[in-house]
Amino acid sequence: NKDELHAVGPRGEELATIPIEGALGFDWEAIAIGPGPETGVSYVYIGDIGDNLGLRSTISLLRFPEPDVSDPPESIAEFDTLRLTYPEGPEDAEAMWIDPLTGDAFVVTKRQQNGLAVVYRATAESLDALEPTPLTPIAQFRFPEKVFVTAADVTADGSVVAWRGYEEVWMWVR
């Protein structure tokens with residue numbers, strides 16, 4: 001697919017399509033909105049976190065200020081590439097969210113190691129466009145066989161985190 005941002009309205013209507021110039025997307029799996037380095041500015045985070053074959057030494061988040069889709073730019077040419085590393089080598093993930101209260105980034109593995117999906121965190125302070133940020137495992141969840149975490153999100157006030165699988169949704173009140 002082309003490296004572009006699709007803005008969609010509340011009824012599923014397309015509001016804008018904005019190319020992202022110079023992005024080197026490998027396996028974009030997730031998108032989130034959250035705080036960033038500039039206080040009071042809402043940022044888009046694109047999670048280039050997929051790795052079905054377990055080959056990637058780093059994954060990445062593209063971060064840029066959220067564009068105004070009522071007057072969209074012709075393209076997005078400036079963004080941060082935040083590289084992340086897992087502590088024990090490549091993982092496959094499709095689920096990612098940004099904490100609206102702290103700006104921390106969370107990634108949940110899709111594939112189960114010993115039946116576990118692992119939640120990793122990179123604190124907002126550790127996210128760096130120059131050096132890879134090590135992810136820290138913070139939780140593990142055991143799921144039945146063939147149940148995978150395929151998406152995640154958090155409410156705008158940070159009060160509820162939701163994960164989706166192929167046929168199920170899990171929600172936690174913070």
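The set of residues in segment 65-92 being open to solvent by 30 Å² or more (accessible area, probe 1.4 Å) and either within 13 Å of the chain's Cα centre (by Cα) or charged (D, E, K, R) (or both) consists of E66, D68, D71, E74, E78, D80, T81, R83, E88.
Could you tell me whether segment 151-160 includes any residue that is in contact with a Lys or Arg (Cβ under 6 Å, 6 or more places away or on another chain), assigned to a strand (DSSP E or B) and within 24 Å of A23 (Cβ to Cβ)? Within segment 151-160, one or more residues are in contact with a Lys or Arg (Cβ under 6 Å, 6 or more places away or on another chain), assigned to a strand (DSSP E or B) and within 24 Å of A23 (Cβ to Cβ).
Each row is one residue, and each column tells you yes or no for (1) modelled with pLDDT of 95 or more; (2) touching a Gly at 6+ places or on another chain (Cβ under 8 Å); (3) of a type outside the set (D, E).
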site	(1), (2), (3)
L84	yes, no, yes
E88	no, no, no
D92	no, yes, no
P137	yes, no, yes
V147	no, yes, yes
M171	yes, no, yes
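Evaluation of G103 against the conditions (1) open to solvent by 20 Å² or more (accessible area, probe 1.4 Å); (2) assigned to a loop (DSSP other than H, G, I, E, B) shows that the sole unmet condition is (1). Residues in segment 32-81 that are within 23 Å of P134 (Cβ to Cβ) and β-branched (V, I, T): I46, I49, T58, I59, T81.
Looking only at segment 41-54, filter to residues that are modelled with pLDDT of 95 or more and over 9 Å from the mean Cα position of the chain (by Cα); which one of those is surrounded by the fewest Cβ atoms within 10 Å (Cβ to Cβ)? If we take residues in segment 41-54 being modelled with pLDDT of 95 or more and over 9 Å from the mean Cα position of the chain (by Cα), then V41 is surrounded by the fewest Cβ atoms within 10 Å (Cβ to Cβ). For segment 106-126, a residue qualifies if it is closer than 18 Å to V44 by Cα and in a strand (DSSP E or B), and the qualifying residues are F106, V107, R121, A122. The residue of segment 156-174 that is farthest from V44 (Cα to Cα), among those that are within 17 Å of the chain's Cα centre (by Cα) and either in contact (Cβ under 8 Å) with a residue 24 or more places away in the chain or buried (at least 16 other Cβ atoms within 10 Å of the Cβ) (or both), is G165. Does P137 satisfy the condition of being farther than 22 Å from V8 by Cβ and of a type outside the set (D, E)? The answer is yes for P137. Scanning segment 7-27 for residues that are closer than 22 Å to V107 by Cα, surrounded by fewer than 18 Cβ atoms within 10 Å (Cβ to Cβ) and of a type outside the set (D, E, K, R) turns up L24, G25, F26. From the list A129, A139, A95, which residue is surrounded by fewer than 16 Cβ atoms within 10 Å (Cβ to Cβ) and either assigned to a strand (DSSP E or B) or in contact with a Cys (Cβ under 7 Å, 6 or more places away or on another chain) (or both)? Answer to the selection: A139.
So, in segment 55-64, of the ones that are open to solvent by 40 Å² or more (accessible area, probe 1.4 Å) and in contact with a strand residue (DSSP E or B) (Cβ under 9 Å, 6 or more places away or on another chain), which residue ends up nearest to G22 (Cα to Cα)? It comes out as T58.
The values are calculated or read from the model by the stated rules, or taken from the named source; none is laboratory data. No experiment lies behind these values; they were computed from the predicted model shown. In this analysis, Cβ positions are derived from the backbone assuming ideal geometry, glycine residues included, and neighbour counts consider all displayed protein chains. Side chains are part of the model used for accessible areas, which takes the heavy atoms of the whole protein and leaves out ligands, DNA and RNA. Shrake-Rupley method; radii C 1.70, N 1.55, O 1.52, S 1.80 Å.
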